[in-house]
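Engineer: Just passing along the structure, written as structure tokens.
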Amino acid sequence: MGRKVLVVDDDPFVLDVTAQMLEELGCDVVMTTNPRLALELLAANDDVEILLTDVNMPDMSGYELAENAKRLRRNLAVIVLSGRESDGHGFPMIHKPFALKDLARTMEETTGLC
């Protein structure tokens, strides 16, 4: 497998579809619907290189998750996903709904492909 990517989205359907796209791109995928668990997974898995997170989630926004994740791992690449927001707050953003080519293009331009 390729690089390890952690995907976080509170919508299980979107989470599954995003994970399938990443696997099609050759990534090794870890996923969760819970941002707090995502931080635990990052702390326990040094091999996670990229975080893809939804912005609008209960308990912790994707922006908060991204900032906390970057504190844990300064070199972690982050991409935020949103169907409502237009500002990535300094992080690369993919607007939902998105196709495989959109994900591949954004990754190629920002984090590198798997």
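Engineer: In the set (1) 87; (2) 198; (3) 146, which value of volume of the Cα convex hull per residue in Å³ was calculated from the structure you see?
Structural biologist: After the calculation, the listed value that fits is (1).
Engineer: If you don't mind, another one. Taking a label point 7 Å from the Cα of Asn34 along the Cα→Cβ vector, which residues of region 1-20 have an amide N closer than 15 Å to it?
Structural biologist: Only 8-12 pass the distance filter.
Engineer: Right, here's the next one. Once fully extended, how much extra length lies between Arg105 and Glu24, figured as 0.36 nm per residue of separation less the alpha-carbon to alpha-carbon distance?
Structural biologist: The span from Arg105 to Glu24 would gain 27.8 nm if fully extended.
Engineer: Using the basic label-point model (7 angstrom from Cα toward the beta carbon), what is the Leu113 to Asp87 distance in nanometres?
Structural biologist: 3.3
Engineer: Continuing with the same structure: Scan around Met31 for amide H atoms under 5 Å from its own, H built in the peptide plane at 1.01 Å from N, and keep only partners 5 or more places away or cross-chain.
Structural biologist: The answer is Val7.
Here, each number is a calculation from the coordinates, and none is a lab measurement. Bear in mind the structure is a predicted one, so any value in this text is a computation, not a measurement. Cβ atoms come from the backbone with ideal geometry, glycine included; neighbour counts cover every protein chain shown.
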